[in-house]
Ligand SMILES: [Mg+2]
């Protein structure tokens with residue numbers, strides 16, 4: 001539900017990219033910023049937690065049925081959408097009175113890399129490129145996922161927007177990120193499954209932008225997207241073959 005809200009907020013742009021092979025000129029890219037949930041990791045986990053487990057725990061806590069709990073939570077998510085509180089474990093813990101970390105731990109068998117993601121990270125690490133996870137996920141959420149994937153060890157740095165007090169939708173986030181990781185914006189690639197976030201990166205001048213077409217493995221591929229899109233990382237990185245991607249995932 002929380003994630004759905006991101007997906008449903010479309011951009012006003014009129015140019016819609018139909019799905020096509022994505023060609024990146026890697027010689028123009030020195031630094032790669034990567035979203036975590038729905039980009040490197042399967043959004044099915046987050047969708048299950050926020051659509052089902054959190055509303056159920058909230059319903060149990062205050063003695064209402066799950067449909068009403070979903071309705072109340074969704075209404076409040078709409079009110080604070082796009083703010084840093086929207087992504088904050090502390091905020092939602094206080095709002096709902098439930099143990100959000102415990103709720104997240106209930107479904108960790110669903111925490112999984114998206115197709116080719118781990119092979120892509122390992123390929124990047126073998127090049128000289130700087131790699132950074134840039135996420136709106138709260139540090140507690142990162143910890144739950146890292147405990148099951150070791151994803152933080154696969155990149156040079158992990159930045160939660162909570163450290164900057166500004167979500168990725170805000171220009172302040174990109175100013176702080178490029179200050180901490182000083183690469184020219186025109187030599188950076190950013191990949192996310194959230195188009196309003198990609199719009200903010202584009203406004204700041206990040207030159208290479210891709211959107212994930214199928215962030216949730218249990219849902220269909222999205223088609224009306226405004227940035228070059230892909231599903232499996234082997235589509236954007238010919239250096240990794242589907243076989244090596246499978247091997248890397250098996251190693252995880
Ligand atoms: Mg995402």
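The values are calculated or read from the model by the stated rules, or taken from the named source; none is laboratory data. Just so it is clear, the model here is predicted, and its values are computed rather than measured. Every residue, glycine as well, gets a Cβ built from its backbone with ideal geometry; the counts of neighbours run over all protein chains shown.
Give the number of residues within region 93-112 that are within 18 Å of residue 136 (Cβ to Cβ) and touching a helix residue (DSSP H, G or I) at 6+ places or on another chain (Cβ under 6 Å). Of the residues in that region, 5 qualify.
Reported count of residues in region 214-233, each being more than 20 Å from residue 199 (Cβ to Cβ) and crowded, with 21+ Cβ neighbours inside 10 Å, is 2. Considered as a group, the residues in region 27-77 that are closer than 30 Å to residue 130 by Cα and away from the ligand (no atom under 16 Å from the Cβ) include one that is surrounded by the fewest Cβ atoms within 10 Å (Cβ to Cβ), and that residue is 27.
In summary, helices (runs of 4 or more DSSP H) completely within region 97-149 and bearing 2 or more residues that are surrounded by 16 or more Cβ atoms within 10 Å (Cβ to Cβ) and in contact with a strand residue (DSSP E or B) (Cβ under 9 Å, 6 or more places away or on another chain) occur at 117-125, 139-149. Tallying residues that are more than 13 Å from the ligand (Cβ to nearest atom) and under 15 Å from the mean Cα position of the chain (by Cα) within region 183-199 yields 2. Starting from residues that are surrounded by 12 or more Cβ atoms within 10 Å (Cβ to Cβ) and modelled with pLDDT of 80 or more, keep the ones in region 6-26 and report whichever is nearest to the ligand (Cβ to nearest atom). The qualifying residue nearest to the ligand (Cβ to nearest atom) is 22. Does residue 170 satisfy being more than 18 Å from residue 53 (Cα to Cα), touching a helix residue (DSSP H, G or I) at 6+ places or on another chain (Cβ under 7 Å) and not assigned by TED's automatic domain parsing to the domain that holds residue 54? Criteria met by residue 170.
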